[in-house]
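Heads up: the structure comes next, in C-alpha cells.
The values are calculated or read from the model by the stated rules, or taken from the named source; none is laboratory data. Please read these numbers as outputs of a predicted model, since none were measured by experiment. As a convention, Cβ positions derive from the backbone with ideal geometry for all residues, glycine included, and neighbour counts pool all protein chains shown. What goes into the accessible areas is simple: the full protein's heavy atoms, side chains included, and nothing from ligands, DNA or RNA. Shrake-Rupley method; radii C 1.70, N 1.55, O 1.52, S 1.80 Å.
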Amino acid sequence: MALYAELHRHLGGSIVPRVFWRYLIRTGHPLADQYPEYDQFEAFFTRPRKSLTEYLELHSLVESVQTLETIPYFVSKLVRGAYVFEGICYLELRYTPFYRTTKSRPDAWRIEQMRDIARLVAQAGHSEIYPIIMRQIFCMHSKLPYEINRAMLELAAEEQDIVCAVDLAGPDVHYSERMDEWIELFSRARSLGLKTTGHLYETVDGCDPRLLPYLDRIGHGIQIPLLYPELLPEVADRGQCLEICPTTYLKTGTLPNLMAVREVFQRCRAAGVDVAICTDNAGLHNVRLPWEIENLLTSDIIDFKMLNRCIDAAFRHAFAWPAAGRTPRALLSEMLTPRPAEHLF
Ligand SMILES: [Zn+2]
C-alpha cells in the first residue's frame with residue numbers, strides 16, 4: 001500500500017456524498033425531501049459550479065450541519081475513509097471553527113465554543129482501528145471580521161498539540177482590500193510558532209503578491225506558474241510548496257481542463273518549486289486522493305517520476321510529520337534492506 005500525506009483537505013468538503021446523504025435522510029433534513037434518491041443527490045452535490053464563490057456556497061451547506069453534536073460522526077467517517085480507501089497516513093484537516101459553533105448564540109459565546117469544537121475534532125480523529133496522524137489547520141475567512149479571525153488564530157496558538165497552522169480561505173475577491181489585516185495576522189501567527197498557508201493565486205482574483213512572504217506553503221498557487229512565472233524564483237528561494245488540487249479547478253471553472261495543470265507541474269519543476277498533490281474537497285468532488293493521482297497519470301499530466309517527487313514533497317512540507325524529513329517510503333525501504341547477519345562477523 002502506498003502511504004500518502006494529505007496537506008490540503010477541508011472538513012466541509014471531506015464528507016463523501018453517500019455518507020452525507022445518509023445523514024440527511026436519517027435526520028429528516030429538508031434536502032432529503034428534495035433528493036429522496038441517492039443518485040440525484042450525488043449529481044447535485046458533485047456537479048461543477050460556475051465560480052469559486054458559487055462553489056463555496058456548497059461548503060456553507062455542509063458546514064451548517066457540522067455542529068458540536070455531529071462532528072464526531074463526520075470526522076470519524078472521514079478518517080475511516082482516508083485510512084481504508086486512500087492509504088493516507090498523515091492528514092492536515094482544515095476548517096473554520098467559528099462556522100461550526102452554535103449560530104443562535106452571540107459572537108463572544110461562539111468564540112469560547114471554538115475550543116470545544118477543536119478538541120472534539122481531535123478526539124474524533126483519533127482511532128485505534130484506523131490510525132492516522134491528524135492535525136488541524138484553522139481557516140481564517142475573508143468574510144469574517146478581524147476580531148473573529150484573530151480569536152481563531154490565538155486559539156490555534158494555544159492548542160498547538162492539535163492545531164499546526166492557520167490558513168486564509170473564503171472568496172478571494174475580498175483579499176486585497178484587507179491586505180494589511182492579513183499581513184498582520186499572518187505575522188502574528190508566525191511569532192506564536194504557528195505554520196502558515198493561504199489560498200492564494202488560485203483564481204485570477206486572488207493574485208496578490210504582498211501576502212506571499214508570510215506563507216510557509218501556498219494553497220493552490222497555480223496562477224503563479226501560469227500567469228506570473230516571474231515569481232517562481234522567489235517562491236523557490238523561500239522553500240514554499242504549492243498545494244495543487246487538480247479536480248477543484250474543474251469544479252470551480254478556474255481551468256477548462258487538466259491540460260493547464262501539466263504546465264503547473266513542469267514550470268514548478270524547472271524552477272525548483274515543490275508541489276504536493278492534494279484533494280481539497282475529496283467528498284464534494286467524490287474524487288479521493290488515489291483517484292486524483294490516477295487521473296493525472298492516465299491523462300499524461302504527470303509521470304511516475306513526478307508523482308514520486310510530489311509524494312515525497314508532501315511529507316517534507318508537512319507541518320507536523322514526526323519523522324523529520326524521512327518518508328514512509330524511506331522507512332519501509334530501510335526495513336526491507338537485508339542486513340549482514342551479525343554472527344558472521
Ligand atoms: Zn482549499
Full-stretch length increase - R309, S191 - with 0.36 nm per residue and alpha-carbon distance subtracted: 39.4 nm
Tensor-based shape of the range 42-117 (alpha-carbon gyration tensor, a/c under 1.5 rounded, otherwise prolate or oblate): oblate
Dipole magnitude of the chain, debye to nearest 20 (Cβ charges: Lys/Arg +1, Asp/Glu -1, about Cα centre): 500 debye
Computed label-point distance, nm, for sites E184 and K103 using a 7 Å Cα→Cβ extension: 3.0 nm
Among F304, F98, F265: highest mean-square fluctuation, GNM of the chain, C-alpha pairs under 10 Å: F304
Within-15-Å neighbourhood charge of E294 [Cβ basis; K, R +1; D, E -1]: -3
Sulfur and carbon atoms: percent of accessible area, the range 4-316 [1.4 Å]: 51 percent
Loop trypsin sites (Lys or Arg not before Pro), the range 1-48, which have at most 12 other Cβ atoms in a 10 Å radius of their Cβ (DSSP): none
Gaussian network model of the chain, Cα within-10 Å springs - most flexible of V84, V16, V121: V84
Cα-based Lys pair tally, the range 4-316, threshold under 28 Å, eight or more apart or on separate chains: 9
Summed residue charge, Cβ within 14 Å of D237's Cβ, Lys/Arg positive, Asp/Glu negative: -3
Computed accessible area, W109, all protein chains, 1.4 angstrom probe, square angstrom: 100 Å²
Listed peptides 52-61, 30-39 by packing density, highest first (mean Cβ within 10 Å): 52-61, 30-39
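Per-residue counts of other Cβ atoms within 10 Å, averaged by peptide: what ranking do you get for 69-79, 252-262, 134-144, 328-338, highest first?
Working: 69-79: 18.6, 252-262: 16.2, 134-144: 22.7, 328-338: 10.2.
In decreasing order of mean packing, 69-79, 252-262, 134-144, 328-338 become 134-144, 69-79, 252-262, 328-338.
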Cα gyration tensor category, rounded, prolate or oblate, for the range 172-240 with a/c compared to 1.5: oblate
Mean Cβ neighbour count within 10 Å, used as a protection proxy, ranking 101-107, 270-276 highest first: 270-276, 101-107
Cα shape, the chain, gyration tensor, a/c 1.5 rule: rounded
